[in-house]
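The values are calculated or read from the model by the stated rules, or taken from the named source; none is laboratory data. Predicted model, so just to flag it, every value in this text is computed and none were measured. Cβ: placed from backbone, ideal geometry, glycine included. Neighbour counts: every protein chain shown.
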Amino acid sequence: MSKLSRRNVIAGAAAAPLVLSGAAQAAPAKPPAPRANAAKPDPIIAKVAAWMAAYDAREALIREWQDYETALFAKVKAMNISVDRGIRSGMTEARAMRVLDRKIKASRKKLDREAGRIVVLRPISAEGALAKIRLGVRIQGPYDWNDDYVYALVQDGCEQLALLLARKA
C-alpha cells in the first residue's frame, strides 16, 4: 500500500465538502432512509481508541529510552569515554536502549499500518468522523503545520464538535 502524503489528505479533506455539496445539489432531495446501524457503535471509534492506547504505550517506551540515555551519558562522562563508545558498549543502560529501540521501531511500524487501515474506513456516525479527525491531529502533532493557528483551529474545532455531539446525545 502506498503511503498517503499529508498534502493529499489535506486536499481530500478540503475538497470533500465541495464534492458533497455538489452531489447534494445534483441529487433530488429524499428523506433519509432509516439506518439499520444507527444503534450500532461506529467501529472506527474502537479502532482509534486502540491506536491511541498503542501510541501512548510507544511514547512511554520512548520516555524510558530517554531515561536510560540520560543515565548512560552521565556514566560515560564520569568514565571519560565517548558517547558513541558508551552506546555500543555492554553497559546495562546501552543494552536496555538497544532493546527499547527494537520495540519502538516495531511499534511505529504497527501504528503506521493500523493508521493506514483506519484512513480507508468510512465512519457511520459523527463520532466516528470525529475519531478519525482526532487521530489525524494526534499523528500530525502540534509541529510542522504551515501556521500555528491551523493546528489551533483544527484542535478547537474537534473539541467543539465533541461538545456539540455530547449535548446531542
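Here are a few things to note about the model shown:
- Only residues that are in a helix (DSSP H, G or I), surrounded by 12 or more Cβ atoms within 10 Å (Cβ to Cβ) and not hydroxyl-bearing (Ser, Thr, Tyr) were counted across the stretch 141-158, and they come to 7.
- Checking 117, 134, 138 one by one, the residue that is loosely packed, with under 14 Cβ neighbours inside 10 Å, within 14 Å of the chain's Cα centre (by Cα) and in a helix (DSSP H, G or I) is 117 and no other.
- Of all residues in the stretch 101-131, exactly one satisfies the criterion of being among the basic types (Lys, Arg) and at pLDDT below 90, namely 122.
- One residue from 63, 58, 113 being without any contact (Cβ under 8 Å) to a residue 12 or more places away in the chain, among the charged types (D, E, K, R) and more than 17 Å from residue 136 (Cβ to Cβ): 63
- Take the conditions (1) in contact with a Gly (Cβ under 7 Å, 6 or more places away or on another chain); (2) assigned to a loop (DSSP other than H, G, I, E, B); residue 94 misses just one of them, which is (2).
- Output for the stretch 151-169, where each listed residue is under 17 Å from the mean Cα position of the chain (by Cα) and hydrophobic (A, V, I, L, M, F, W, C): 152, 154, 158
- Among residues of the stretch 105-114, those that are farther than 14 Å from residue 57 by Cβ and under 11 Å from the mean Cα position of the chain (by Cα), counted: 1
- If you go through the stretch 59-104 and keep only what is crowded, with 18+ Cβ neighbours inside 10 Å and charged (D, E, K, R), you end up with 69, 93.
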